[in-house]
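The values are calculated or read from the model by the stated rules, or taken from the named source; none is laboratory data. Small disclaimer: the values here were computed from a predicted structure and weren't measured. Don't worry about glycine lacking a Cβ; one is built from the backbone with ideal geometry, like all the others, and counts go over all protein chains shown. Surface areas here come from the heavy atoms of the whole protein model, side chains and all, with no ligands, DNA or RNA. Shrake-Rupley method; radii C 1.70, N 1.55, O 1.52, S 1.80 Å.
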Amino acid sequence: MLKRKDLLGLIDLTAEEITELLDVAADMKRHLKAGDKHLPYLKGKTATILFYENSTRTRTSFELAAKYLGATVINIAASSSSVAKGETLVDTGKTLDAQLNDFLVMRHPMGGAPYLLAKVAKAGVLNAGDGMNEHPTQALLDMLTMRETFGKLDGLKVAIVGDIKHSRVAKSNLFGLKTMGAEVRMFAPETLIPKGIDKLGAKLCRSKEEALDGADVVMGLRIQLERQQAGNFPSLNEYAAIYGVDGKSLQYAKPNAIVMHPGPVNRGVELTGKVIDHEQSRIEEQVFSGIAVRMAALKLLNDYREYTK
Ligand code: NCD
């Protein structure tokens, strides 16, 4: 049983905990596929979704997940909250506690913000992406999608290509996949590789060919233009030519390799349109897995809250 108040990152989750989250998510996905969107494990509970950064799929995915579980859901965009009036995160947490929230789902541009909120709030906190740090439910949905395709994670070769430095998705995937026994390769311009990532278990590659050679999974990452200081790479066209994944580069990977991307995609930059729409692309399946994974996370955190009441 997942014995946690919060889900903040994959860095300290054990293989057993990840497996439990994925097993429950797989179960949720079966229900959703059968058209069953009424799974009231969170009936009578309240979840507030607090996003200090833009999002389409993650925010709606958490909202749908909480609603399918029967919770009352409130959405707060930072631009419309008291944060815009100068309230601190700690005071926001206390206010949301006073309103008897059971769960707070938070996205924040500063790494560590959900950790601070989790410390002060009685509610369970789910990290929906903190700065360049972690995005645990994204990596879980990626792992669920991989496990469904290959039946396992252990021994898979996963090539992550793109803006690793600014990517919380890359970091959470690295932590989760390593714990589950997969090999994680990374390929990016030197300027977009965070120092020390190899010490955390990533295999750094010098060419696209090396990264994709015999890979089971090819994961593109968005160039995060909003987080770039000028000068990390010469131009988007040049970036696309060297680091973009096209049909030709897929030939280095295994014939049954799948293509993934957390979205949103810069079409023609990280992946060509042809690769995005390729029959081995799992990009839409990832979005579907996302709802199931968030339902699983909310259910398991709620089970533990009930158990410790
Ligand atoms: C990612 C994010 O916000 O970290 N998107 C997502 O949640 N699906 C990746 C990105 O913004 O590029």
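Quick check on residue 69: is it within 30 Å of residue 152 (Cβ to Cβ) and away from the ligand (no atom under 16 Å from the Cβ)?
yes
Among the numbered criteria (1) open to solvent by 30 Å² or more (accessible area, probe 1.4 Å); (2) touching a residue at least 12 places away in the same chain (Cβ under 8 Å); (3) within 16 Å of the ligand (Cβ to nearest atom); (4) not β-branched (Val, Ile, Thr), which one does residue 267 miss?
(2)
Looking only at the range 272-302, which residues are open to solvent by 40 Å² or more (accessible area, probe 1.4 Å), under 20 Å from residue 30 (Cα atoms) and out of contact with any strand residue (DSSP E or B) (no Cβ under 7 Å at 6 or more places or on another chain)?
Selection gives 284, 285, 287, 288.
Looking at residue 86, is it at positive phi, over 21 Å from the mean Cα position of the chain (by Cα) and free of Cβ contacts under 8 Å to residues at least 60 places away in the same chain?
When the stated conditions are applied, residue 86 passes them.
Matching residues to (1) within 16 Å of the ligand (Cβ to nearest atom); (2) in the same structural domain as residue 68 (by TED's automatic domain parsing); (3) of a type outside the set (Val, Ile, Thr):
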site	(1), (2), (3)
210	no, no, yes
234	no, no, yes
241	no, no, yes
255	no, no, yes
263	yes, no, yes
297	yes, yes, yes
303	no, yes, yes
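What about residue 120, is it more than 21 Å from residue 64 (Cα to Cα) and either crowded, with 24+ Cβ neighbours inside 10 Å or among the β-branched types (Val, Ile, Thr) (or both)?
Here the answer is yes, as residue 120 does meet what is asked.
Name the residues in the range 119-159 that are within 12 Å of the ligand (Cβ to nearest atom) and outside any helix (DSSP H, G or I), would you?
127, 128, 129, 130, 131, 132, 133, 134, 135
Going by the conditions given, is residue 55 within 16 Å of the ligand (Cβ to nearest atom) and modelled with pLDDT under 95?
Considered against the rule, which asks whether it is within 16 Å of the ligand (Cβ to nearest atom) and modelled with pLDDT under 95, residue 55 comes out as yes.
When you scan the range 90-102, do you find a residue that is within 16 Å of the ligand (Cβ to nearest atom) and either open to solvent by less than 70 Å² (accessible area, probe 1.4 Å) or touching a residue at least 24 places away in the same chain (Cβ under 8 Å) (or both), even just one?
no
Answer yes or no: is there a residue in the range 86-102 that is part of a loop (DSSP other than H, G, I, E, B) and within 23 Å of residue 136 (Cα to Cα).
Yes - at least one qualifying residue is present in the range 86-102.
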